[in-house]
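Here the structure comes first, spelled out in structure tokens, and everything after it is commentary.
Nothing in this text is a laboratory measurement; each read-out follows from the coordinates by a stated rule. Note that the structure is a prediction, hence the values are computed from the model and not measured. Don't worry about glycine lacking a Cβ; one is built from the backbone with ideal geometry, like all the others, and counts go over all protein chains shown.
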Amino acid sequence: MNDTNTETLGWELIGWAGDDDAAHVADLDRAEILRIRDLFPRGDDNFLVAGAYEVPPALYPAMRAAVPRLEFREGLDYQVGGFALRLPADPDSPTTPS
């Protein structure tokens, strides 16, 4: 994971109200992920993209200390994780449909 191109990644902190109800979502950037990643048992997943990581209430103070703008709402279960961004198709790419 050390050679991960983070320009094609995005991250979110998601507060779940139920199995399928993302009641609170906060986007995170690369700099913020670098500040919080050591709070999680991530192995070689340097950019938290291999899965969703549970954020238990005990981590809320450390998360806020690292990223002061973060909010945690009562009654929600939080996870943080990364995903591949959908980039616009390159019109010069041979794989782009005409």
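Could you order the peptides 12-18, 68-74 from most to least packed, using the average number of other C-beta atoms within 10 Å per residue?
Working: 12-18: 16.0, 68-74: 10.9.
Final packing ranking: 12-18, 68-74.
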Taking the simple approach of a point 7 Å from Cα along Cα-to-Cβ for both Glu71 and Ala52, what is their distance in nm?
-> 2.1
Considering only the other residues whose Cβ falls under 15 Å of the Cβ of Phe40, what net charge follows from Lys and Arg at +1 and Asp and Glu at -1?
-> -3
What full-extension length gain, to one decimal in nm, is calculated for Ala23 and Arg42 as 0.36 nm per residue of separation minus the Cα-Cα distance?
-> 4.3 nm
Once the other residues with Cβ under 15 Å from the Cβ of Gly81 are scored (Lys, Arg +1; Asp, Glu -1), what is the net sum?
-> -4
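Take the Cα pairs of region 23-79, get the Kirkwood Rh, then feed it into Stokes-Einstein at 37 °C and 0.692 mPa s and tell me D in µm²/s.
Numbers: Rh = 12.0 Å.
D, rounded to a whole number, is 275 µm²/s.
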